[in-house]
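Novice: Shown below is the structure under consideration.
The values are calculated or read from the model by the stated rules, or taken from the named source; none is laboratory data. Everything numeric here is computed off the predicted structure, so don't read it as measured data. All Cβ positions, glycine included, derive from the backbone under ideal geometry; neighbour counts span all protein chains shown.
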Amino acid sequence: MEILLMQVSLFVLALLLGVELITKVPPTLHTPLMSGTNAISGISVVGAILAAGNTDGGELARWMGFVAVTFASINVVGGYMVTNRMLAMFKRKN
């Protein structure tokens with residue numbers, strides 16, 4: 001029970017820190033920031049897959065791992081779509 005409380009506390013702390021950091025970024029830098037964090041999100045997907053496949057953590061940990069895989073995958077795909085759109089703006093028009 002103590003480990004679960006520590007993990008939930010860490011999750012809430014990371015959530016609050018992430019929201020605080022993102023709100024401090026000017027809107028003009030959101031697209032380059034999203035492009036640069038795709039590699040980090042890829043690492044998050046790997047960690048989330050490991051968490052979802054962990055049989056020692058219990059059912060709640062597996063479900064949280066599944067949710068983490070889903071959100072990290074959405075972030076990676078969305079980041080690449082935004083990057084592709086951003087790069088398309090710099091292509092020459094015929």
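Novice: Among the numbered criteria (1) polar (S, T, N, Q); (2) within 14 Å of Val76 (Cα to Cα); (3) modelled with pLDDT of 85 or more, which single criterion is violated by Thr37?
Specialist: (3)
Novice: Of all residues in region 58-71, which are assigned to a helix (DSSP H, G or I) and either touching a strand residue (DSSP E or B) at 6+ places or on another chain (Cβ under 9 Å) or not acidic (Asp, Glu) (or both)?
Specialist: Leu60, Ala61, Arg62, Trp63, Met64, Gly65, Phe66, Val67, Ala68, Val69, Thr70, Phe71 - these are the residues of region 58-71 that are assigned to a helix (DSSP H, G or I) and either touching a strand residue (DSSP E or B) at 6+ places or on another chain (Cβ under 9 Å) or not acidic (Asp, Glu) (or both).
Novice: Right, another one. Those residues that are of a type in the set (Ser, Thr, Tyr) and either at positive phi or surrounded by 14 or more Cβ atoms within 10 Å (Cβ to Cβ) (or both), I need them from region 56-94; list them, please.
Specialist: Ser73, Tyr80, Thr83
Novice: Another question about this same structure. Taking region 37-55 on its own, how many of its residues are surrounded by 10 or more Cβ atoms within 10 Å (Cβ to Cβ) and over 12 Å from the mean Cα position of the chain (by Cα)?
Specialist: So the answer is 6.
To keep it simple, each residue is scored yes or no on (1) part of a helix (DSSP H, G or I); (2) touching a strand residue (DSSP E or B) at 6+ places or on another chain (Cβ under 7 Å); (3) among the polar types (S, T, N, Q); (4) without any contact (Cβ under 8 Å) to a residue 24 or more places away in the chain.
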| position | (1), (2), (3), (4) |
| --- | --- |
| Ser9 | yes, no, yes, yes |
| Glu20 | yes, no, no, yes |
| Ala48 | yes, no, no, no |
| Ser73 | yes, no, yes, no |
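Novice: Just one of (1) in a helix (DSSP H, G or I); (2) under 30 Å from Met6 (Cα atoms) trips up Thr55, so point out which.
Specialist: (1)
Novice: Scan region 56-82 for residues that are over 14 Å from the mean Cα position of the chain (by Cα) and closer than 15 Å to Val8 by Cα and jot them down.
Specialist: Gly57, Gly58, Glu59, Leu60, Ala61, Arg62, Trp63
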